[in-house]
Amino acid sequence: MAGETLNPIQQMVLDALAKRADFVPTTPELADEIEAHLVDALEPVARNYSPTNALFITKHKLGSVHSCEAHHVATRDTFAWSVPSVRGTVLHKAIELLLNVRSSRSPGDLVDDALDRIVESERGTASDFIASLSPAEQAELRAGVVDLVTKYEDSFPPLKPEWRPVVESPAKVNLFGGAVVLSTRSDLTIGHPGSKVIIDMKSGRVTQSHREDLRFYSLVETLKSRQAPRLTATFSLESQRIDTEAVGLSTLRAAVHRLVEGAQLIDELDRQARSPSRRAGVQCRWCPLAASCDEGRAHLNGETDNDY
Ligand code: SF4
């Protein structure tokens, strides 16, 4: 980046992600301690699962069971592409191309390349979903992602190869011989194990739940690499602002607590040990039960203000 002048937002992001002079990496003993505590707490839940019937935990599953159990049960075995989800997929692919192509490309070119790559890909059904959109909807999708890629370029300092930027980096930890699986896919990571920064890109505003998502990511990274990441960050492309949190014992403990509580809830609901509770919130907007749910309808009609 020598010779490049950063704009004020890029400088702010760079400053927010910079390693502090007093930073000390965590030791493998901390990972051992965290894992021992986690395994001890999850053991009663793990008994109900096996490697062939694993409890598979993602940030989405944890977020959904902590938000509204009925919504979690109604959506746990389904996934349907939507314009927002496919927009995120195209955005991440465009950023991946931006970080890895050697020539300079405009946001529009990057998005076109990303769309081509996804449409050609056999990997999922995003290509089918994109093909199902009308030409006008496809144009709106392209315009929306071009806007986000432009904001990304206007906000992030150019990432040097030696910072080891990786887009869509998956991580997995098997516990109890694979009966419990913790799985993450980080939007962007920078740095080496022990000093890693995990970054989530959001097209909308930053909320408290995003910090909780990233604490789960930190926990998985700690268990996987035996060293905690240095920092997590949520970047809102909408507001071009970054929210960072240093990773330490307190954030990892909070992640363990939320994970264990979430696993217990998921287990109870999987076993149909009780009826799921309902809790209105932002998820009511896309909940398949909304039409028949009194709590959800009241929330959507503005009668409650539980917008978690
Ligand atoms: S509409 Fe809202 S409160 Fe009702 S089940 Fe769905 S998410 Fe829960």
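The values are calculated or read from the model by the stated rules, or taken from the named source; none is laboratory data. Note that the structure is predicted; figures quoted are calculated from it, not measured. All Cβ positions, even for glycine, are placed from backbone atoms using ideal geometry, and neighbour counts span all protein chains on display.
Would you confirm whether any residue within region 41-64 is under 18 Å from the mean Cα position of the chain (by Cα), modelled with pLDDT under 90 and either in a helix (DSSP H, G or I) or over 30 Å from residue 276 (Cα atoms) (or both)?
Looking for residues that are under 18 Å from the mean Cα position of the chain (by Cα), modelled with pLDDT under 90 and either in a helix (DSSP H, G or I) or over 30 Å from residue 276 (Cα atoms) (or both), one finds none in region 41-64, hence no.
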Q: Determine whether residue 275 is within 15 Å of the ligand (Cβ to nearest atom), part of a loop (DSSP other than H, G, I, E, B) and either among the hydrophobic types (A, V, I, L, M, F, W, C) or out of contact with any helix residue (DSSP H, G or I) (no Cβ under 7 Å at 6 or more places or on another chain) (or both).
A: yes
Q | Qualifying residues in region 159-173 (those that are within 30 Å of residue 51 (Cα to Cα) and in contact (Cβ under 8 Å) with a residue 60 or more places away in the chain) - the one surrounded by the fewest Cβ atoms within 10 Å (Cβ to Cβ) | A | 168
Q: Could you check, for region 134-157, whether at least one of its residues is at pLDDT 90 or above, outside any helix (DSSP H, G or I), of a type outside the set (Phe, Trp, Tyr) and under 21 Å from residue 16 (Cβ atoms)?
A: yes
Q. Checking residue 68 against (1) more than 30 Å from residue 271 (Cα to Cα); (2) hydrophobic (A, V, I, L, M, F, W, C); (3) in contact (Cβ under 8 Å) with a residue 12 or more places away in the chain, which test does it fail?
A. (1)
Q.
For region 23-77, give me each residue that is of a type in the set (Asp, Glu) and closer than 28 Å to residue 286 by Cβ.
A. 69, 77
Q. Pick from region 215-235 the residues that are touching a residue at least 60 places away in the same chain (Cβ under 8 Å) and of a type in the set (A, V, I, L, M, F, W, C): which of them is nearest to residue 25 (Cα to Cα)?
A. 228
